[in-house]
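*Asks:* Dropping the structure in here first, questions after.
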Amino acid sequence: MFEPAAPVDLSSGKYLKLWQGPQHPGITGNMSLELTTCGDEVVACKTHVGYLHRGFEKLMERRTFIQNFTIVCRIAVPEPTFNEYLYAAVVEELSGIKAPERAEWIRTFNLELMRLGSYLMWLGGVGAAFGQSTIYQWTVTHRDYILDLFEEMTGARVYHMYIVPGGVRGRLPEGFEDRARKVLDGVERLLMDVEKILFNNVVFKTRTKGLGVITKDMVDPYGITGPNQRAAGFARDVRRDSPYLMYDEVEWDVITGTASDTYERAWVRLQEMHQGIRIMRQVLDRMPTGGPFQTPLPNVLHWEVPKGETYIKAECTRGEYGYYLVTDGSQYVRRVHVRGPSYTHAIALMEKMAVGTNIADIAGLMVSLHTYPPEIER
Amino acid sequence: MSLKDLISPFYVWQRAFQKPYTQKRPIEERPGAPRYRGFHINLTEECVGCGSCEAICQNHAIDMVKVEGLEPRNGDSGLRPKFDYGRCCWCALCVDICTARSLRLSNHYAWVTEDPDAFHFIAGTDAMPWNQNSLGYRRDDDYHLLTHDRIEMDALSPEESLKGFDEVMKGYTEEQALLEADRCVECGICVATCPAHMSVPDYIKAVRNKDWEGGLKLLYETNPFSTTCGRICTHRCETDCVLGLQGTPIAIRWLKRAIADRVPAERYAEILNDTFTENGKKVAIVGAGPGGMSAAYYLRKQGYGVTVFEAQAHGGGMLRYGVPSYRLPENQLDKDIDYIRSLGVDVRFNTRVGQDVPFSELMDNHDAIFIATGLSSPMKLRIDGEEHPRVVSGLKILDDVAKGQDPGVGKRVAVIGGGNVAMDAARVSRRVGADVTVLYRRRIEDMPADPEEIHESKAEGCHLVPQAIPVKIKDADDPNQVVIVWGEAEMVSDAKGGRPRPVLQEDRMHEETYDTIVSAIGQGGDYDFMGECLGSIEQKWGKFIPGAYQQTGVSKIFVGGDIANSTADAISAVEDGHHAARGIHRFLSEEGLQ
Amino acid sequence: MATPTALLDELGKRYTLSEIHIQRDDLLFLKVTKPQAVRFLKDLRDDAGYTHLTFMTNIDYIEDGRFTLTYMLHNYDTHHEIGVHVDLDRDNAEMDSIHNLWAQGRTYQCELREMYGIRFPGSPGLDDDFCLEGWDQIPPMRKEFDIVAFSEERFGNRPGRGSTDPREHMGTVMYPEHRDGTEH
């Protein structure tokens, strides 16, 4: 399974050590790749993480259950809401609280909007990694419109702190639905443009087809999930296989590919953005506008969650995101483990796939795996 | 490679003609969203300094600090939150938990300054450019981190309660007590308001932990009448409970009862473990009410030989003879008193000082004396016809009932007054089958009686007539009846800013016939037994004005209870007794009092 | 595909399983002994369809002197998850490596070595730095590592900080004579 890299004699002059990162090696956050190259071919890769290590799991062990909900968003910067939802879900399950239906709809919308925002940022990254910075300008702009929506919904653009155990922190603002539809329409038009100039671009196609192939038999040993896995032909999606929130109430398709190379992974994600827009439109149509959006909590200042343990997962843009919570009946968590998909994608898988790649494609390869270091280091 | 793939990218050019997205800062301002979580604003006037914001802050970004010109007072600690923006993450949990709802965030989000200390500021007090911002994050009305509604206590229905003298309020079940105790934010602001300064947050915490024994110990640190006060306390603490700012205050009184009710009397000695060595000094106490017995308890705990002189056959004073058993069953009162007596406090019942034993004997044979005789002389109505035989005092009726006698009020009763004695006299009369009308000079909200008493007496069918001023009492045709003349009153606001004054409207007079008129407008004290000592003790409006530690001008005489405080309730008497015990100990151990 | 209950019956014949806890229809936890653990995981993977190692982590029960490892396995066909617990001696924590079963196993094991001090003999790159380059303290995820003390010593507090307790403040100012020192 694990194949140690062949020993490389640097003094031979044949090889060069090259550091990619840790300064944002292509919209992936701070991590670095220690590449050993021969000519412009990578012969060995070692990943280094820890540049964003803030010890969240440890910090959470000395914060109360309500306090924790404000820090989990930082575990995946571009997708804070998945952390908020999953943290709320594990705490709710262990304390026997069920969020009201209205909150579940709002959460569904929130998560899908975040998925779209995060994909837009990633899409820009793909463009940039393959020399198409214009796309980055466009997608980040539209992501900003999404952040505007988050700002008016949650009070913050990035660290929303909106999904609280028991429900959500506030109703949707007046006229929010209309503005949301407008943003979705805009993104839809943008995606068509991007398809024309990126996916139908000969340069992009040439560079990405066949780059970084994930074969079917790599999926299980490397713990590959999400679009990276679906692009290899597995129709596996947590939203479909273990439905949560309102996902079994709305219609959408699980997008799959055949040969998970960089192009196909990008294409799957592009299609998933369209599916996300489809889901959100249905949510906007069906979301109740009245009723409670929060189930009363015990007094949060001395909230004790009964002893127990659980694991809940959700499908984020990068794959399976999960929270494993162990409680001991006190006001503090005994252990919380955050399972981010990047953990497997960015380290073991990246180290394998980098070998044999051209140096110029390393950034694109990394982006195509769509990883965020903060969720590795937690 | 297809031709399409070569041409398609050139589509990008069409975007060159579109309007740019970028905003031209600083020419164009970009305000935060209406709900934006920007910089803090605190409405200093509404904030009560409970410190819940500090307690919930996950980053330790908040300190509660003294603010110049803001002194602590009942219901307001005088402290205000100071924010350290080096730590704050603008999660706004402090806003969500704010009990006064005074804390909020503005939608102001940009702040540049060269002075790093500027980022450490008292919100609302320090002048900040965003203090007047009307937008920003507020807690949604339908989103709560605290339970604002009290857990209701089960009670007898009015129909059931009218049938007899069974206790009306049933007490919290364990589940109810835990839920109610859970609401507490542990700020401790109530502690200052409580006359006895009981450790409220601590004993509420004991309830949460189902630690009834630990709770009882906490109660006895400041109040040996916990079973009693858990039922009939005037609960001033609840007036200042911060949970009351947006909902109903914590039922502090009921939680006290929840503890005391769960510990059987037999276990008190073992749990409280009040051990002491005799110090050989003797203290006499006049009156076995809450004041006297409280002093007895705390003195005894310090080894004093304590003798209590009580004119009545049982202890408890006004608690026994002035509070009907449907509010305070006698066995519950006995539970408190018996424990104090079990420590070796000698209570001489049926012994009226000045009559059965001379005051001089107390003075000669004891190192100190504590007087807490209470107010037992009903005040006069001061209207014509008051001496009519069908006019009786409220206290007399309550006394009769407490002693198991029929008060003989007949079928139609008018009660004059708006205090607890008036309410109790009315409710007792209802229980013996009378129609009851309560006449009160001012408005219902001005009534000094507990709101619960007012509510329950209404529920039990007492007819409350506010703004009714008695003018005259005269004979009825039937010698067993009596006629009262009363007039309606208008409330006139007081020019000096005092409370509104009722003014009789001579053109709206009423005349009604009743079997009994109950006068219950207050009580006075009787101090004749003290003889010549009286001259050295300061008095005002019929009450003593004690100095520090309840000491009087006669250095070995200490006074307390209704005769020496303006509140005239059980909890104040308890604290007077406790405080006098502190004073007597200082006096006798030469720790400062002369 | 066997139901979780049938599967447990079957595995129970060959393994010492304890503390079986069904949290949800699609999630159960159980404990297996340390010597049997890796073989047990391999059987789950190869014979029972639990091919996906969702994560691997450790829980510190300092008061019992034990660590409890959790291996979370997922079955893609039944969408069922099993959390496998293994108790380790906290003072001498060592566990067999699973890097031959799942490629990412070595990453987890490297992290657990760094964060908790658990040894996994044979795991490649076990002693490489994971997050904590230049760390000179005890493994920081262990419960006895006090992050507050660490940060105060390392960074100190901002001058001028300090809070006043409302209840204490009110007592001192409003009723100093009435306090017996029994205040809490």
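*Asks:* Between a residue in the range A:261-279 that is in contact (Cβ under 8 Å) with a residue 12 or more places away in the chain and assigned by TED's automatic domain parsing to the domain that holds A:Lys216 and any residue that is in a helix (DSSP H, G or I) and of a type in the set (Phe, Trp, Tyr), which pairs come within a Cβ distance under 6 Å, given they are 6 or more apart or on different chains?
*Replies:* A:Arg269/A:Tyr119; A:Met273/A:Tyr119
*Asks:* What is the residue count in the range A:161-203 for residues that are open to solvent by less than 50 Å² (accessible area, probe 1.4 Å), within 9 Å of chain B (Cβ to nearest Cβ), farther than 27 Å from A:Leu86 by Cβ and out of contact with any Phe, Trp or Tyr (no Cβ under 8 Å at 6 or more places or on another chain)?
*Replies:* 3
*Asks:* Further question: For B:Leu162, indicate whether it is open to solvent by 60 Å² or more (accessible area, probe 1.4 Å), touching a residue at least 40 places away in the same chain (Cβ under 8 Å) and not hydroxyl-bearing (Ser, Thr, Tyr).
*Replies:* No; evaluated as a whole, the condition is false for this residue.
*Asks:* I need the helices (runs of 4 or more DSSP H) fully contained in the range B:170-229, keeping only those with at least 1 residues that are among the charged types (D, E, K, R), within 14 Å of chain C (Cβ to nearest Cβ) and touching a residue at least 24 places away in the same chain (Cβ under 8 Å).
*Replies:* B:200-208, B:212-222
*Asks:* Could you give me the residue pairs with C-beta distances under 6 Å whose first residue belongs to the range C:29-57 and is away from chain A (no Cβ under 14 Å) and under 11 Å from C:Tyr15 (Cα atoms), whose second residue is modelled with pLDDT of 90 or more and assigned to a helix (DSSP H, G or I) wherever it lies, and which are 6+ apart or on separate chains?
*Replies:* Correct list of pairs: C:Val32/C:Phe40.
*Asks:* Failed condition for A:Glu84, given (1) within 24 Å of C:Tyr61 (Cα to Cα); (2) outside any loop (DSSP other than H, G, I, E, B), with all others met?
*Replies:* Condition (1) is where A:Glu84 drops out.
*Asks:* When you check A:Thr225 against the structure, is it of a type in the set (Ser, Thr, Tyr) and either open to solvent by 40 Å² or more (accessible area, probe 1.4 Å) or within 14 Å of chain B (Cβ to nearest Cβ) (or both), yes or no?
*Replies:* no
*Asks:* Return yes when A:Gly170 is in contact (Cβ under 8 Å) with a residue 60 or more places away in the chain and not in a helix (DSSP H, G or I) and no when it is not.
*Replies:* yes
*Asks:* Working only within the range B:102-134, note down all residues that are of a type in the set (Phe, Trp, Tyr), within 14 Å of chain C (Cβ to nearest Cβ) and farther than 16 Å from B:Leu43 by Cβ.
*Replies:* Correct list: B:Phe119 only.
*Asks:* Is it the case that C:Pro124 is within 7 Å of another protein chain (Cβ to nearest Cβ), within 20 Å of A:Gly223 (Cβ to Cβ), touching a helix residue (DSSP H, G or I) at 6+ places or on another chain (Cβ under 9 Å) and in a loop (DSSP other than H, G, I, E, B)?
*Replies:* For C:Pro124, the condition - within 7 Å of another protein chain (Cβ to nearest Cβ), within 20 Å of A:Gly223 (Cβ to Cβ), touching a helix residue (DSSP H, G or I) at 6+ places or on another chain (Cβ under 9 Å) and in a loop (DSSP other than H, G, I, E, B) - is met.
*Asks:* Taking the conditions exactly as written (under 29 Å from B:Val392 (Cβ atoms) and open to solvent by 20 Å² or more (accessible area, probe 1.4 Å)), does B:Met509 satisfy them or not?
*Replies:* Answer is yes for this residue.
*Asks:* Sort out which residues of the range C:58-70 are without any contact (Cβ under 8 Å) to a residue 60 or more places away in the chain and surrounded by 15 or more Cβ atoms within 10 Å (Cβ to Cβ), and write them in order of number.
*Replies:* Hits for the range C:58-70 are C:Ile59, C:Tyr61, C:Arg66, C:Phe67, C:Thr68, C:Leu69, C:Thr70.
*Asks:* Restricting the search to the range B:291-318, which residues are open to solvent by 10 Å² or more (accessible area, probe 1.4 Å) and part of a helix (DSSP H, G or I)?
*Replies:* B:Tyr298, B:Arg300, B:Met318
*Asks:* Anything in the range A:127-160 that is open to solvent by less than 30 Å² (accessible area, probe 1.4 Å), part of a loop (DSSP other than H, G, I, E, B) and facing chain B (nearest Cβ under 9 Å)? List them, or say none.
*Replies:* A:Gly155, A:Ala156
*Asks:* Just one of B:Arg87, B:Arg73 is charged (D, E, K, R), open to solvent by 20 Å² or more (accessible area, probe 1.4 Å), more than 27 Å from the chain's Cα centre (by Cα) and at the interface with another protein chain (Cβ under 10 Å from one of its Cβ atoms); which is it?
*Replies:* B:Arg87
*Asks:* Follow-up question, since we're still on this one. Checking B:Thr44 against (1) in contact with a strand residue (DSSP E or B) (Cβ under 7 Å, 6 or more places away or on another chain); (2) surrounded by fewer than 20 Cβ atoms within 10 Å (Cβ to Cβ); (3) touching a residue at least 40 places away in the same chain (Cβ under 8 Å); (4) more than 30 Å from B:Thr193 (Cβ to Cβ): exactly one of these is not met. Which one?
*Replies:* Condition (4) is where B:Thr44 drops out.
*Asks:* Sort through B:Ala284, B:Ala260 and tell me the only one that's open to solvent by less than 10 Å² (accessible area, probe 1.4 Å), in the same structural domain as B:Asp576 (by TED's automatic domain parsing) and either small (Gly, Ala, Ser) or at pLDDT 95 or above (or both).
*Replies:* Matching residue, one of B:Ala284, B:Ala260: B:Ala284.
The values are calculated or read from the model by the stated rules, or taken from the named source; none is laboratory data. What you are looking at is a predicted structure, and each value in this text was computed from that prediction instead of being measured. Methodologically, a virtual Cβ is constructed for each residue, glycine included, from the backbone with ideal geometry; neighbour enumeration extends over all protein chains shown. For accessibility, only protein heavy atoms count, side chains too; no ligands or nucleic acids. Shrake-Rupley method; radii C 1.70, N 1.55, O 1.52, S 1.80 Å.
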